[in-house]
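Input: a single structure, listed below in structure tokens.
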Amino acid sequence: MPFNIPILLTWLRVALIPLVVGVFYLPDGWLQPHDRNLAATLIFIVAAITDWFDGFLARRWNQTSAFGAFLDPVADKLMVAGALLVLVHLDGGRCHPLFAFIIIGREIAISALREWMAQIGASKSVAVSSIGKIKTAAQMSAIPALLYNDVLLGAIDTRYWGEKLLWLASVLTVWSMLYYLRKAWPLIKEKAGNLN
């Protein structure tokens, strides 16, 4: 297993995931509700920054590796899934369970599709698209907004905007999944035909 600064940042992101969840389960009296929300939001934002920074450094320093390419998306998916699951539970549901199911289910399905496409040497067919990038931006904005769950700077209702962004992310999630499946469908049909 290679060890360098980009991989260290990815491992840091993995380590921050339980902290985002765990801050809400600290004993009563340790933190006020607002402080819990703020702490979880800041931890998530730090984790999200490491997501951008590790890839940037790996490319800049020419430290990309097969292990880093594996660990980075795993860390991303764990971070998003952990945050969504805690949001479903908080305050009777800051996140609708259907949105969490759509986003987490899509990640599992597309990860499996990418793995299969890589095995047959066609991974470029399901490379990240612009739709996927917009979806990721929407969900990575929605999650900290919902974790914060308050009025920011006396004017921005983060819960309201977080719900809207999560709705948008869910729509884009389905759209991007259909896009990837459509790109992969000819190969899926071809391989299925070869099995008959």
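Using 0.36 nm per residue and subtracting the Cα-Cα separation, the extra length available between Leu42 and Asp28 on full extension is 3.0 nm.
Taking amide hydrogens as placed 1.01 Å from N in the peptide plane, the amide H of Asp157 sits under 5 Å from those of Leu152, each at least 5 positions away in sequence or on another chain.
Of all complete DSSP H helices in the chain, those with a Cα span along the helix axis of 30 Å or greater and a mean Kyte-Doolittle hydropathy of -1.0 or more are 33-60, 66-89, 97-119, 158-195. Using a Gaussian network model of the chain in which every pair of alpha carbons under 10 angstrom is joined by a spring, one finds that among Ala109, Ala15, Ala155 the greatest mean-square fluctuation is at Ala155. Comparing mean-square fluctuations of Gly55, Gly154, Gly105 from a GNM of the chain with C-alpha springs under 10 Å, the top value falls on Gly154. Among the listed values (i) -0.56, -1.37, -1.47; (ii) -0.56, -1.26, -1.34; (iii) -0.48, -1.28, -1.39, the one computed from these coordinates for log10 I(q)/I(0) by the Debye sum over Cα atoms at q = 0.11, 0.18, 0.19 Å⁻¹ is (ii). In the chain, the calculated helix contribution to ellipticity at 222 nm averages -27000 deg cm²/dmol per residue, counting -39,500 (n - 2.57) for every DSSP H run with n ≥ 4. With a simple spin-label model that places each label point 7 Å from the Cα along the Cα-to-Cβ direction, the separation between Phe53 and Ile104 comes to 2.8 nm.
Read the figures in this text as sums done on the coordinates, not as results from a lab. None of these values were measured; they are calculated from a predicted model. No Cβ is skipped: glycine too gets one built from the backbone with ideal geometry, and neighbour counts run over all protein chains shown.
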